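Asker: Sharing a structure below in structure tokens format, with a few things to ask.
Computed from the coordinates by the stated procedures, all read-outs in this text should not be read as laboratory data. Since the structure is predicted, the reported quantities are computational estimates derived from the model, not experimental observations. Because the Cβ atoms are built from the backbone with ideal geometry, glycine has one as well, and the counts that use them run over all protein chains shown.
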Amino acid sequence: MDNNHVGAGDQQQSCDALSVRDQRGLILHLLYAADSFDYQVSLEAIVDNFSRGFECVIEPHSALVVQAQAIVDKRIELDEQIKPLLDNWKFERIGCMTRLILRMAIWELEYTQTEHSIVINEAIELAKGYAESDAHKFINGVLDKWVKEHQEAKEMSETGIKI
């Protein structure tokens, strides 16, 4: 018998016990579901559906749900940060998963203390697993450019140079 499968009568595990990498993957799945419904279905309803359909319970107020909701809420602002980074690409041409991974990574770069190298590496790994072929290279380039521009802006503000 498969020990990883939850059988009838077994208790589901909390998704909070997942590794950070697996939590990022789950957040990406939540974002994909929200995007698939054109953001017309609440994240709460999506989380409830996921909890009933999978082997782990997603607590409605867990950190991963809070992060997914923050990304959904800031998706327009995040997209506006992505657009100037796209050399010779139209935003509308970016595949769904690539766009969602970029939003997620830029949100994490902007709003958490996670090292940028970790965020970029995790975004690349998500892209290899879920996005279009070679999207990981595109994502690496876009995120690298974002980091360089924001580090320059931060250094200028710290030294008092106005942009």
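Asker: When ranked by the protection proxy of mean other Cβ atoms within 10 Å per residue, highest first, what sequence do the peptides 137-143, 111-117 form?
Answerer: Packing proxy ranking, top to bottom: 137-143, 111-117.
Asker: How far apart, in nm, are two points set 7 Å out from the Cα along the Cα-to-Cβ line at residue 110 and at residue 73?
Answerer: 1.3 nm
Asker: Something else now. Within region 100-139, what residues put their amide N at less than 17 Å from the label point 7 Å along the Cα-to-Cβ vector of residue 145?
Answerer: 100-107, 120, 124, 135-139
Asker: For the peptides 120-133, 30-43, what is the packing order when you average, over each peptide's residues, the other Cβ atoms within 10 Å and list the highest mean first?
Answerer: Result, highest mean Cβ count within 10 Å first: 120-133, 30-43.
Asker: If I model a spin label at residue 152 and residue 92 as a point 7 Å from the Cα along the Cα→Cβ vector, what separation in nanometres do I get?
Answerer: 2.9 nm
Asker: Which angle from 0 to 90°, rounded to the nearest 10, does the C-alpha axis of helix 116-130 make with the longest principal axis of the chain?
Answerer: 50 degrees
Asker: Would you please classify the overall shape of region 12-72 from the alpha carbon gyration tensor, given that a ≥ b ≥ c denote the square roots of the eigenvalues, rounded means a/c under 1.5, and beyond that prolate means a/b larger than b/c while oblate covers the rest?
Answerer: In terms of gyration-tensor shape, prolate.
Asker: Enter the per residue convex hull volume of the chain, computed from alpha-carbon coordinates, in Å³ rounded to the nearest integer.
Answerer: So the per-residue Cα hull volume is 134 Å³.
Asker: Next question. Of all the Cα-Cα pairs you can form in region 74-163, what percent are over 18 Å apart?
Answerer: 43 percent
Asker: Residue 57's amide H: which non-local residues (gap 5+, or another chain) put their own amide H closer than 5 Å, with H modeled 1.01 Å from N in plane and none for Pro or chain starts?
Answerer: Residues meeting the criterion, in which the H sits 1.01 Å from N, are 13, 14, 15.
Asker: A follow-up question, please. If one takes the longest principal axis of the Cα atoms in the chain, at what angle in degrees, from 0 to 90 and to the nearest 10, does the Cα axis of helix 43-53 lie?
Answerer: 40 degrees
Asker: Quick check on the exposure proxy: order 96, 56 from fewest to most C-beta atoms within 10 angstrom.
Answerer: The most exposed by this proxy come first: 96, 56.
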